[in-house]
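Note sheet for the following structure.
The values are calculated or read from the model by the stated rules, or taken from the named source; none is laboratory data. Remember, predicted model here, so these are calculated numbers, not experimental data. Here the Cβ positions follow ideal geometry from the backbone for every residue, glycine too, while neighbour counts run over all protein chains shown.
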Amino acid sequence: MRAMRLKHLSLKTEKCYLDWTRRFQAYFQGKACALLTEQDLKSFLSYLGAEKKVAAATQKLMFHALLYFYRKVLFVEVNGLSTVVPARVPKRLPVMLTMEEVASVLSHLKGSLLLMANLIYRGGLRLHDCLSLRVKDIDLARGCLTIRGGKGDKDRETVLPQKVVAEVRAHFVKVRALFDLDCSRSVAGVSFPGALDR
């Protein structure tokens, strides 16, 4: 974990790499990592593809997680590791919902879930982008959203859909009331990322 923190990998990548490293070690039931060979890695890849039926993208992700683990954590270059190529990810056309289908999905949501779905759909956000939004990232005056640390750990701005401005304002009132209640009960406020807390 320390090696990943030093490289400033995203929290999502960190969790994913740790998860795959644990699965890999569990598969070989305690065999020392430095003793694992190219054949062991191929065996694990075959196990994922043949028995677990994982997608090619999952195999590729696991491959990169283990490559990072060996090179950056153990400082071991396993012979032939770089030649173990994950399955090619097939290119597929995205499945697009019609406007009627989107309206049907949204009609089954309410409250915060409806607001989030509208922000994701109308603002072009990823789920993680939406879940990471803070009050300061929503600029009602300019009509924009600031996405911080999105894919590739990049910041970007996108449009705040006018159709959800009223709901956002109402949500602000709710969260402010919750914040004030927490303060009156001496509940810790919002978290700060990294060294900003200090």
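For the criterion of being surrounded by 12 or more Cβ atoms within 10 Å (Cβ to Cβ) and either over 30 Å from Ser10 (Cα atoms) or not assigned by TED's automatic domain parsing to the domain that holds Glu14 (or both), Thr98 fails. For the range 132-167, what are the residues that are of a type in the set (S, T, N, Q) and assigned to a strand (DSSP E or B)? The answer is Thr146, Thr158. Selection of the range 21-37 for residues being at pLDDT 85 or above and among the aromatic types (Phe, Trp, Tyr) yields only Tyr27. Whether a residue is part of a helix (DSSP H, G or I), in contact with a Cys (Cβ under 7 Å, 6 or more places away or on another chain) and not assigned by TED's automatic domain parsing to the domain that holds Gly150 was assessed, and Ala50 does not pass this test.
Ala177 - would you say it is assigned to a helix (DSSP H, G or I) and either over 18 Å from Ile120 (Cα atoms) or modelled with pLDDT of 95 or more (or both)? Yes: the conditions hold for Ala177. Close Cβ contacts (under 7 Å, 6 or more residues apart or on different chains) running from residues in the range 10-21 that are farther than 11 Å from Gly152 by Cα to residues that are in a helix (DSSP H, G or I) and hydroxyl-bearing (Ser, Thr, Tyr) comprise Tyr17/Tyr68. Put simply, of Ser112, Ser184 the only residue that is touching a residue at least 12 places away in the same chain (Cβ under 8 Å) and of a type in the set (Ser, Thr, Tyr) is Ser112.
So that you can scan it fast, the table gives a plain yes or no per residue for (1) farther than 29 Å from Cys33 by Cβ; (2) at pLDDT below 90; (3) in the same structural domain as Asp19 (by TED's automatic domain parsing):
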{"position": "Lys60", "(1), (2), (3)": "no, yes, yes"}
{"position": "Val89", "(1), (2), (3)": "no, yes, no"}
{"position": "Leu109", "(1), (2), (3)": "yes, no, no"}
{"position": "Leu125", "(1), (2), (3)": "yes, no, no"}
{"position": "Arg148", "(1), (2), (3)": "yes, yes, no"}
{"position": "Glu157", "(1), (2), (3)": "yes, no, no"}
